[in-house]
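Q: Pasting a structure below so you can have a look.
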Amino acid sequence: MKNRTFAIPFNNVNQQEATIELNNNIFPAIAPAIRHHISNHEPSPNLAEILFVTSYPPRECGIATYSQDLIKAILSKFSKSLSIKVCALESGDATYKYPDEVKYTLKTSQVASYEKLANEINKDEAIKLVFIQHEFGFYRFQEQAFLQFLYNLSKPIAIVFHTVLPHPGEQLKLKVRNIAAVCESIVVMTHTSANILINEYGVSG
């Protein structure tokens, strides 16, 4: 599978511009449905569903807030063409009362939770794309379980690398390459990060 790396500097664009970038670059599998909505301004009877795998409010986390804001921005433009649900990441014994868009939860410290979630996603016919917010700290003690989860998924995967460290060691390179190998699309926050992924990690653009 050929990877595609896209730099989307969210800090430098407004949410509507970011949403257009997402439409053009990350969601090729559902682009026809979005284009139909833009052309006809009519609701589709069968909405493509995107599952965000991310920390999510009320969990206090910068990525949680980022994901909630991004979902709102996308739905403000494409709510008649697609649906977005969330798989909320939970660490340790923490549990939260979530808003309605949270469809699944993943206990990141429990190996069995990864396998169970992959099976549920694969059986869920509504889900057309799995969109993962990645930070190594989320999966610090279960990196192998997370990687196996990715390889167990039968749905297309897009991933956001929130941190791309320069001058990686061989072990870190291998981790990132293994993740990238199974993803349809990769998103980073800056063009610099994209160049680091391509030139220092060897991730194809």
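Every number in this text was worked out from the coordinates using simple rules, so none of it is lab data. Model, not experiment: these values are computed from the prediction. Neighbour counts are summed over all protein chains in view; Cβ atoms, including those assigned to glycine, are modelled from backbone coordinates with ideal geometry.
Q: May I ask you to derive the FRET efficiency for LYS97 and ASN178 from their Cβ-Cβ distance with R0 = 41 Å, giving the value to the nearest 0.05?
A: Values: r = 35 Å, r/R0 = 0.85.
With R0 = 41 Å, the Cβ-Cβ based efficiency is 0.75.
Q: Right, another one. What full-extension length gain, to one decimal in nm, is calculated for GLU120 and THR65 as 0.36 nm per residue of separation minus the Cα-Cα distance?
A: Computed gain between GLU120 and THR65 is 17.3 nm.
Q: A further question follows. Mean separation of Cα pairs under 8 Å and 6+ residues apart, divided by the residue count of region 137-205: what relative contact order is that in percent? Could the numbers behind the result be given before it?
A: On the way: 53 pairs, mean separation 25.1, N = 69.
Across region 137-205, relative contact order equals 36 percent.
Q: How much net charge surrounds SER55 when only the other residues with a Cβ under 11 Å from the Cβ of SER55 are counted, with Lys and Arg +1 and Asp and Glu -1?
A: That works out to -2.
Q: Here is a follow-up. Among residues other than SER113 whose Cβ falls under 10 Å from its Cβ, what is the net charge (Lys/Arg +1, Asp/Glu -1)?
A: Taking every Cβ under 10 Å from that of SER113, the sum is 0.
Q: Continuing with the same structure: Can you tally the net charge around PHE138? Count Lys and Arg as +1, Asp and Glu as -1, for every other residue whose Cβ sits under 12 Å from the Cβ of PHE138. Intermediate values should be presented prior to the final figure.
A: Details: positive: ARG59, LYS107, ARG140; negative: GLU90, GLU135, GLU143.
Net local charge, PHE138 excluded: 0.
Q: For SER204 and GLU143 in the same chain, what is the full-extension length gain: residue separation times 0.36 nm, less their Cα-Cα distance, in nm? It would help to have the intermediate numbers written out before the result.
A: Numbers: separation 61, 0.36 × 61 = 21.96 nm, distance 2.22 nm.
19.7 nm is the gain from fully extending SER204 to GLU143.
Q: Between the alpha-carbon centers of region 105-144 and region 168-205, tell me the distance in whole angstrom.
A: Here the two parts' Cα centres lie 20 Å apart.
Q: Which shape class, rounded, prolate or oblate, goes with region 123-166 when its Cα gyration tensor gives a ≥ b ≥ c as root eigenvalues, a/c under 1.5 marks rounded, and past that a/b bigger than b/c marks prolate?
A: oblate
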